[in-house]
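Enquirer: Would you mind keeping the following structure in view while I ask a few things?
The values are calculated or read from the model by the stated rules, or taken from the named source; none is laboratory data. Note that the structure is predicted; figures quoted are calculated from it, not measured. Glycine also receives a Cβ, built like all others from the backbone with ideal geometry; neighbour counts cover every protein chain displayed.
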Amino acid sequence: MTQSMILPGSNIGGKGVGTFNIEFNIGSADGGHSLPLAGMVDTGSLYSIIPASILDELGIARDEDELFSLANGSVVEMSIGLALVTINGRARTVHVAFGYDDEVILIGAMTLERFGVAADPVHQRLVPARVTM
């Protein structure tokens with residue numbers, strides 16, 4: 001009997017992109033200030049997107065600008081920076097995008113990969129995944 005492998009950042013238990021909300025903390029990479037937030041897990045988004053005003057308030061530096069293709073086909077430029085994200089008591093540094101202040105907070109696939117978890121939208125939870133090298 002073979003056991004299927006669940007890859008970090010993937011979506012299990014259903015078709016299409018998995019979306020549901022989780023609570024997490026975000027702070028500066030040096031462990032300084034942090035804030036509790038709620039965001040939508042979106043395996044269709046590569047980066048986590050946090051409103052720029054929140055990241056600026058936390059003192060997270062804008063390291064570089066990236067071009068992003070949106071689902072509607074348009075292209076936008078956003079800054080990215082390194083933040084300390086804590087999910088379920090585990091902390092990891094991840095690159096996040098400085099989003100517009102009226103955008104929904106998104107937890108993207110790269111963040112899920114850093115935590116070694118996959119999205120289970122049926123049960124609306126994150127599940128451990130096998131990290132491969």
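Enquirer: Of the conditions (1) touching a Leu at 6+ places or on another chain (Cβ under 9 Å); (2) free of Cβ contacts under 8 Å to residues at least 24 places away in the same chain, G89 clears all except one; give me its number.
Expert: (1)
Enquirer: May I ask you to verify whether V96 is of a type in the set (V, I, T), part of a strand (DSSP E or B), in contact with a strand residue (DSSP E or B) (Cβ under 9 Å, 6 or more places away or on another chain) and surrounded by 13 or more Cβ atoms within 10 Å (Cβ to Cβ)?
Expert: Against the criterion (of a type in the set (V, I, T), part of a strand (DSSP E or B), in contact with a strand residue (DSSP E or B) (Cβ under 9 Å, 6 or more places away or on another chain) and surrounded by 13 or more Cβ atoms within 10 Å (Cβ to Cβ)), V96 qualifies.
Condition check ((1) under 15 Å from the mean Cα position of the chain (by Cα); (2) at pLDDT below 95) across all residues:
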| residue | (1), (2) |
| --- | --- |
| G18 | yes, yes |
| D30 | no, yes |
| H33 | no, yes |
| L46 | yes, yes |
| D65 | no, no |
| S69 | no, yes |
| V94 | yes, no |
| Y100 | no, yes |
| E113 | yes, yes |
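Enquirer: Same structure, new question: Scanning the stretch 104-132 for residues that are in contact with a helix residue (DSSP H, G or I) (Cβ under 9 Å, 6 or more places away or on another chain) and assigned to a loop (DSSP other than H, G, I, E, B), which turns out nearest to S79 (Cα to Cα)?
Expert: Checking each candidate, the answer is I105.
Enquirer: If you don't mind, there's one more thing I want to ask. Tell me, which residue of the stretch 7-16 that is more than 24 Å from D63 (Cα to Cα) and within 18 Å of the chain's Cα centre (by Cα) is modelled with the lowest pLDDT?
Expert: G16
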